[in-house]
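Enquirer: I'd like to ask you about the structure that follows.
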Amino acid sequence: MAQEQATRGLRLWPGWVLVALAWIITHGSGMVAPATMVQFFGMMIGPLVGLVGILVWWLFASRAPKGDRWLGLLVLVVVPVLTFILAHPSTPMAIVVYGFPILCLAFVLWAALTQRWAASPRRWSLVAVVLVAIGSWVLVRAEGIHGDMSWDFAWRWAETPEEELLEAVASEEVLAPPQAEIGEAVWPGFRGAQRNSVVPGVALATDWSASPPEELWSRPVGPGWSSFAVAGDLLYTQEQRGEQEAVSCYRASTGEPVWIHEDPARFWEPMAGTGPRATPTVHRGRVYALGATGILNALNALDGSRLWRRDVAEDTGAKTPEWGFSSSPLVVDGLVVVHTGAPDGKAVVAYDELSGEPRWFAPAGALSYSSVHLATLHGVRQLLIVTGDGVTSLAPADGSVLWRHEWPAGGGARVTQPWVLEDDTVLVGTSFGLGTRRLAPTKDAGSWSVAEVWTTRRLKPYYNDFVVHGGHVYGFDGRILTCIGVEDGERAWKGGRYGNGQMLLLPEQDLLLVISDRGDVALVEAAPGAYTEVARIAAIEGKTWNHPVIADGVLYVRNGEEMAAFRLPMKSGKTSSNKVAEVAAAELPSHTP
């Protein structure tokens, strides 16, 4: 029998078919349906289909000698299992997505190239090939995933940027806290005063080849996806520093540290990485910041001293979400409001601004990485919360539900903020192939109802917020910048490739300032005629998911490794106005003791 098998050779075509199938399902799903659950499940199912299929083929349909078949089964099971045991905690998913398809390809190549070899070298070479193809993954660590679900890798023993930062700041002295008032909240928190990324009163010079933005400073920063709040000459953000989760204050003019408040907490997960997610909110001399593990701090904005502290997970019974608590605190009517996703009617919690005592709890849906959004619809102030279940509106005074719109995200998470249009309709964006929906809440005889105006799959934002200008919506359809009409959701253009970036709207100039997920900054026309990039510079390096900020003519950008400030060039005869601060002051909710 063995002689007959040797004469006939191996039956290789099923192996090649299985290798092709594994690669097509794993990587082709992202080409057919990018940034959807189809891509995610394809990345998980494709490698498993390939590996299991290869095992079945090798054992029952390959015509390999019996000893080779059993050895193949042994190494294809034992070596991957040992690899998972010995691998860095960040790599198991990457091993499945990348390692398994490579292993399948390497195994079939080995079978094709060595089928005429003598038994001993053939079998030893099998062990070597499998060890290299899959076992070598123990030598690397994953540095997180990009929006297109590709991974970054580094040698396991290489120093991380966070470790380099900790060494650099070990002997660093912070400045003495300022003795004066902190000044106006030019940019009070996440996406500005209205949480819409609109920067009024700016007149930029757009020929950046002649007058490029001037870098004022840059410095390393701990990992995290927090953006900035800006008040006076102080810049607030969150970052991870070893086993300490930090709320940090820097000089906006120089980047020098003013104070660091630390809590013994560390959040990490393999896809997005380490550190806090939410952006601090500065309000009337205080800074409110929610950490990724649920620590909510109220700090003195001048010196970082703690005024009160709550654990939202403990207060509500919420479990830490897969990607961490991400709700940037909203300060409204003497309350600090955050979304926790807790069950039993405690998905949203409001704390007393001064004392930190819980004032009310409210239901809203569990899965969300969005922040609570203040809106006025039909003359009624309300809090909008976008979750995996849909949209919920709450009364700020007591958290009572005003209205709900059910739009399940199919197990996926919603991340972007809603946008309230001038006619009191609301735009909600969703990835996972669902798209963007325009809702029309109405109030009649004291009760609310919600109608769907339209839903389009032409714009499917994931964690990349959109803006509205001149009757059109500008955002990311997956990883490509896109413009759709407000009236009907029809696409006007799709063109700019900035990865999973973020943007600001400069309405007076019909411009978007876009930061790519690789750290480039570009100016793009906010016009429905066609996609047009006006200018571009390389600002920072590395995966950049953090929202940019413009305050008093300075652009602040950061990612999980670096932050920097750039003085933006202004049009001739123009200076940066303080209109941003004026809008912030006008829009900040009143305080009720």
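The values are calculated or read from the model by the stated rules, or taken from the named source; none is laboratory data. A quick note: this is a predicted structure, and the numbers were derived from the prediction, not measured. Here the Cβ is made from the backbone with ideal geometry for all residues, glycine too, and neighbour counts use every protein chain on show. Side chains are part of the model used for accessible areas, which takes the heavy atoms of the whole protein and leaves out ligands, DNA and RNA. Shrake-Rupley method; radii C 1.70, N 1.55, O 1.52, S 1.80 Å.
Enquirer: Return the FRET efficiency for the residue pair Ala205, Ala170: r is the Cβ-Cβ distance, R0 is 35 Å, and the value is rounded to the nearest 0.05.
Expert: 0.25
Enquirer: If one computes the Cα centroid of segment 373-432 and of segment 496-574, what distance in Å separates the two points?
Expert: Centre-to-centre (Cα) distance: 27 Å.
Enquirer: Amide H of Trp545: which non-local residues (sequence gap of 5 or more, or other chain) have their own amide H closer than 5 Å, using H built in the peptide plane?
Expert: Gly560
Enquirer: Can you put Leu131, Leu511 in order of accessible area, largest first, using a 1.4 Å probe?
Expert: Output order, biggest surface exposure first: Leu131, Leu511.
Enquirer: For segment 75-228, what is the largest minus smallest coordinate of the Cα atoms on each principal axis, given in angstrom and ordered from greatest to least?
Expert: Principal-axis extents of the Cα atoms in segment 75-228, largest first: 82, 40, 32 Å.
Enquirer: May I ask for the net charge around Val287, where only other residues with Cβ less than 11 Å from the Cβ of Val287 are counted and Lys, Arg are +1 while Asp, Glu are -1?
Expert: Around Val287, the surrounding residues sum to +2.
Enquirer: Moving on. Is segment 142-255 rounded, prolate or oblate when judged by the Cα gyration tensor, a ≥ b ≥ c being the square roots of its eigenvalues, rounded requiring a/c under 1.5 and prolate requiring a/b larger than b/c?
Expert: oblate
Enquirer: Stick to Cα atoms and the Kirkwood definition of Rh, then tell me Rg/Rh for segment 37-102.
Expert: Looking at segment 37-102, the ratio lands at 1.04.
Enquirer: Sticking with this one: Could you calculate the contour length gain from Asp423 to Thr254, that is, 0.36 nm times the residue separation minus the distance between their Cα atoms, to one decimal place in nm?
Expert: Net length gain for the segment: 56.6 nm.
Enquirer: Before rounding to the nearest 500, sum -39500 (n - 2.57) across all DSSP H runs of length at least 4 in the chain and divide by the residue total; then give [θ] at 222 nm in deg cm²/dmol.
Expert: When only DSSP H runs of four or more count, the value is -7000 deg cm²/dmol.
Enquirer: Positive end of the charge dipole of the chain (Lys, Arg +1 and Asp, Glu -1 on Cβ, about the Cα centre): tell me which of Val130, Gln194, Ala397 has its Cα farthest that way.
Expert: Looking along the dipole axis, the top candidate is Val130.
Enquirer: With r as the distance between the Cβ atoms of Leu59 and Glu269 and R0 = 41 Å, compute the FRET efficiency 1/(1 + (r/R0)^6) and round to 0.05.
Expert: The formula returns an efficiency of 0.65 here.
Enquirer: Another question about this same structure. Extension gain Ala538-Thr376, at 0.36 nm per residue separation less the Cα-Cα distance, in nm?
Expert: My answer for the length gained is 54.4 nm.
Enquirer: Just the Cα atoms of segment 413-518, one point each, no solvent: what log10 I(q)/I(0) does Debye give at q = 0.10, 0.20, 0.21 Å⁻¹?
Expert: -0.28, -0.99, -1.08
Enquirer: Please list the equivalent ellipsoid semi-axes of segment 313-470, computed as the square roots of five times the alpha-carbon gyration tensor eigenvalues, in descending order and whole angstrom.
Expert: Its equivalent ellipsoid spans semi-axes of 24, 19, 13 Å.
Enquirer: Separation between the Leu74 and Glu262 pseudo-spin-labels, each 7 Å from Cα along Cα→Cβ, expressed in nm?
Expert: 5.1
Enquirer: Could you go through segment 559-569 in sequence order and give the Karplus-derived ³J(HN,Hα) for each residue, using 6.51 cos²θ - 1.76 cosθ + 1.60 with θ = phi - 60°, rounded to whole Hz, and x for Gly and Pro?
Expert: 9, x, 9, 8, 9, 8, 10, 10, 6, 7, x
Enquirer: Suppose each label sits 7 Å from its Cα in the direction of the beta carbon; what would the Gln244-Ala128 distance come out to in nanometres?
Expert: A separation of 5.1 nm, rounded to one decimal place.
Enquirer: Same structure again: Give me log10 I(q)/I(0) at q = 0.20, 0.29 Å⁻¹ for segment 167-231, Debye formula, one equal scatterer per alpha-carbon, no solvent.
Expert: Debye intensities relative to I(0), on a log10 scale: -1.21, -1.21.
Enquirer: If you don't mind, there's one more thing I want to ask. Taking the Cβ of Ala526 as the center, what net charge do the other residues with Cβ under 11 Å away carry, scoring Lys and Arg +1 and Asp and Glu -1?
Expert: -3
Enquirer: Rounding to the nearest 20 debye, state how big the charge dipole of segment 393-548 is about its Cα centre with +1 on each Lys and Arg Cβ and -1 on each Asp and Glu Cβ.
Expert: 660
Enquirer: Suppose a student asked you for the relative contact order of segment 217-368, using Cα pairs under 8 Å spaced at least 6 residues apart; what percent would you report?
Expert: In percent, rounded to a whole number, it is 15.
Enquirer: Per residue of segment 344-357, what does 6.51 cos²θ - 1.76 cosθ + 1.60 with θ = phi - 60° give for ³J(HN,Hα)? Whole Hz please, x for Gly and Pro, Karplus curve as stated.
Expert: Here the 3J(HN,Hα) series is 6, x, 10, 5, 10, 10, 10, 10, 5, 4, 8, 9, x, 6 Hz.
Enquirer: According to the Kirkwood expression over distinct Cα-Cα pairs, how big is the hydrodynamic radius of the chain, in Å?
Expert: Averaging 1/r across every pair of different Cα atoms and inverting gives 25.8 Å.
Enquirer: Rounded to whole Å, give me the distance from the Cα center of segment 250-306 to that of segment 461-495.
Expert: So the two Cα centres are separated by 32 Å.
Enquirer: Under 5 Å between amide hydrogens, which residues at least 5 positions from Trp225 or on another chain qualify, with H placed 1.01 Å from N in the peptide plane?
Expert: Those lying under 5 Å, H to H, from Trp225 are Arg277.
Enquirer: Skipping prolines and chain starts, which residues have an amide H placed within reach, meaning under 5 Å, of the one on Thr387, given they are 5 or more residues away or on another chain?
Expert: Sorted by chain and number, the residues that satisfy this are Thr392.
Enquirer: Taking the Cα centre of the chain as origin, work out the dipole magnitude from +1 charges on Lys and Arg Cβ and -1 charges on Asp and Glu Cβ, in debye rounded to 20.
Expert: With only Lys, Arg, Asp and Glu charged at Cβ, the dipole is about 2640 debye.
Enquirer: Given points 7 Å out from each Cα along the Cα-Cβ axis, report the Glu181 to Arg309 separation in nanometres with one decimal.
Expert: Taking the simple label geometry, Glu181 and Arg309 are separated by 3.0 nm.
Enquirer: Go through segment 292-299 residue by residue and turn each phi into a ³J(HN,Hα) via Karplus (6.51, -1.76, 1.60, θ = phi - 60°); whole Hz please, and just put x for glycine and proline.
Expert: Each residue's phi maps through the Karplus curve to give 5, 9, x, 7, 10, 10, 10, 10 Hz.
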